[in-house]
Amino acid sequence: MEKSKSYEDPFLESCATRIELLSRSISFAQELRGLASSCNDVSTPFSVRKVLSVEIDVLESFCHCRCSDWSRVFVMFNEPIYQETDMILLLKDQVSHCRFEGFVVLGLVQKLSELPDEDEQRLPPPGFHYNTLVKDCIFEPGSRAYSNTMIEQTHVGYYGSIINCGSLSRTRNLPESSSSFCNFASSIPIHVGPETGGARTMFAFPEMTLIHAARDLRLSSAMGPLPTPSCDKANILATKCPLNIVSSYSMIRDSFSVRDIFLLPQSCIKGSSVAHNVTLLPNSRVEGGTIENSQLQWDAKASYAHVSNSLLMEHSHADKNAKVFSSILGPDCHSSSGEVQHSLLGPHVNSHHQSLIMATIWITGRGNVGYGANIGSNHTGRVADQECWAGEGTFWGLSNVAKFPIDLTQSPYSIVAARVQFLPQRICMPFSLFTDFSSIVQNSAIISGNQCFPGWILRHSPYTIARSEHKFSTRTKAKRHQHYTSWKIVRPGIIDLCVKARSALQRVNSDNQGPTYCSDADIYGLGKCHLTDAARLEGIQAYTNFIQRYALRGLLEKICIAPGLLRFDTPQQNTSDDVLTAKHKHQYAEPVSQRAAAIALPWDENSFHHTEEIWKHQLSILRSEFPDSVSLKNLTVICHQRIPQDLQLLLMRLVELELQFSDMVMQSKKKDDIRGVKIIPGYADCHVKAEEDTIVV
């Protein structure tokens, strides 16, 4: 493989960090409980000892603290304290109005370290004040516990904080007499797809990637960057750990019911009414709402949302009362206001408005869900056992109603227009537009349903493709997942889908006597859509231009890399214009299988890992598109020769296609400018003109 394996490091390091923190808390708790008369041997970088009798007097009389057994209360400090009076002063300053029970370690600090964003968070100074009950807890130096009703069985790391919370506790697995504890959601079964019956089960872990998800769904044999034994070890340790873990510089505040929490450094739970059985990787945040039995990766955020039994991958967000149940949000996903249930969403899926995504497998993501879209309409009166497989880059328009089952994985970057009632079907037409169809009479039959415009995006909205390519390359924040989510739109897998769709459009049912094709019976891959003959011919031309432009770009790139590029096995050259007008040999290929099968995922394509495979694919397309080019047939290796005339004609064809594409991009953007000026006052002053748009330029 050409790619470096350094991308594995963040995932491996994260799992190792979890194992280290869990092991440390387990060891610390065991050693404290096993102490007899001294605790000088406790394995910690800080000094630890029991409180002295004079210090107990100060805690009771001056600090107004209470404890039924002071022999199990310890102090921890980060620097040696030589004078007894110094410790008393620290206690007076950092401890007050608390009740202690069980084993309690109070970490005291002499010199304050810099705390990230301390001014912004307006945190009080380190200390323990006004806590109704603190039981079986370890607080490291610099930590805070202010105005909490109950803190039980919790390990707070260096400069960690628990402020103004209700209850914070640790629970055992059922039965309660069991010696194992809840596992901080370090491994959770997530059922995606059908809500009842035949659900697809994945076992999510905090460092999971979409590669692992694809393997669990049997869509890919690729292995993820994390070895299973590490995950299993972390999960086993989680069930053995008797303490919640609030790591260094992490915080829980203003939350009502919190239990079974594992916060890694600089993560935060703030204002949550319920936070149960959760693992938060560094810099992830929960603000308001509820979260249960879930995992948040780096920089993920659940803000005033309701998240249950789910995984939010790096830089994914659920906010504004979003509901996410039994789902996986991939890297850079955003769900606001709407509902996501039993679904797997790939990278860059955006649902910013009130909508429904249910039982949807969308592993390649990169799509959008409009306001009011309902992707989750099962049969009336039947079991909710159906699902939707959305295609890469699918745009679900306003108020769509998608009736299951649906498979659009072979129709990438397609648009389902507003208010369409999308019927159960499988469509294999990339870059298409789907609309509702007005009933007509054909052959004495009434036809209704959906209408398909194959290749509509390529011909009428190429600006969408250009903008998407730019957007996905510049807006990716989930850098840890970028090694497999950075695929290009125009790639061999997409081109092959276009070739197959064009072949199907060219191979029509000769029994059809009307101007409209109605289903798979007429054209394979049409689903339950119907298609006019004019749209069919337009689709063929759009796919042809797209395919040839891709392949000819590869030829130009090779020529530019090495001037005088080519050597040929025969000096004969065909300079006829037939090179550009030859029929496509593959258009009469055998019909594709009628049995539904999953397509190769972008990171499983050979060209994703081996760039030389792209040229091999482009060359095979060139030879298929232009079969009369002798030069392409006999092309072998690089050497210094004059470019043959038939290849010059092919390059001229590329120039023609590039000019045509750039003009269509300009026109598709310019339509908005022309329309906007006619409708909106001052439109030109507030919008970027097509001539100044960086995508167009």
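The values are calculated or read from the model by the stated rules, or taken from the named source; none is laboratory data. Source: prediction; values computed, not measured. FYI the Cβ positions are ideal-geometry reconstructions off the backbone, even for glycines, and counts take in every protein chain you see. Surface areas here come from the heavy atoms of the whole protein model, side chains and all, with no ligands, DNA or RNA. Shrake-Rupley method; radii C 1.70, N 1.55, O 1.52, S 1.80 Å.
With unit charges on the beta carbons (Lys and Arg positive, Asp and Glu negative) and the dipole taken about the Cα centre of the stretch 233-288, which residue among 271, 252, 281 sits farthest to the positive side?
Comparing the listed Cα positions along the dipole, 281 ranks first.
Quick one: order 662, 468 from most to least accessible surface, probe 1.4 Å.
Accessible-area ranking of 662, 468, largest first: 662, 468.
Could you look at the stretch 272-318 and say what percent of its accessible area is carbon and sulfur, using a 1.4 Å probe and all protein chains?
Of the solvent-accessible surface of the stretch 272-318, carbon and sulfur hold 46 percent.
Let me check something: with ligands and nucleic acids excluded, how do 693, 9 order by accessible area (1.4 Å probe), largest to smallest?
9, 693
Taking θ as phi - 60°, what are the ³J(HN,Hα) couplings along the stretch 103-108 by the Karplus curve (6.51, -1.76, 1.60), each to the nearest whole Hz, with x for Gly and Pro?
7, 9, 10, 9, x, 10
Sticking to Cα atoms, compute the Rg of the stretch 130-280 to one decimal and its Dmax as the biggest Cα-Cα distance, whole number, in Å.
In order Rg, Dmax, the Cα atoms of the stretch 130-280 give 17.3, 55 Å.
What does the net charge come to around residue 365 if you take all other residues with beta carbon closer than 10 Å to its beta carbon, with K and R at +1 and D and E at -1?
Combined, the nearby Lys, Arg, Asp and Glu give -1.
Enter the per residue convex hull volume of the stretch 404-503, computed from alpha-carbon coordinates, in Å³ rounded to the nearest integer.
Convex hull of Cα atoms, per residue: 140 Å³.
Taking a cut-off of 19 Å between Cα atoms, list the lysines near residue 50, but don't count ones fewer than 8 places away on the same chain.
Hits, sequence-local ones excluded: 92, 135.
Rounded to the nearest 20 Debye, what is the dipole magnitude of the stretch 253-305 about its Cα centre when Lys and Arg each give +1 and Asp and Glu each give -1 at the C-beta?
80
Using a 1.4 Å probe on the protein heavy atoms only, what accessible surface does residue 187 show? Give it in Å² to the nearest 10.
Approximately 40 Å² for this residue.
Whenever you get a sec, line up 93, 604 from highest to lowest accessible area (probe 1.4 Å, protein heavy atoms).
93, 604
Can you list residues whose amide H is under 5 Å from residue 414's amide H, if they're 5+ apart or on another chain and H is modeled 1.01 Å from N?
394, 395, 431, 432
With N set to the residue count of the stretch 330-403, report its C-alpha Rg divided by 2.2 N^0.38 Å to two decimal places.
Computed over Cα atoms of the stretch 330-403, the ratio equals 1.00.
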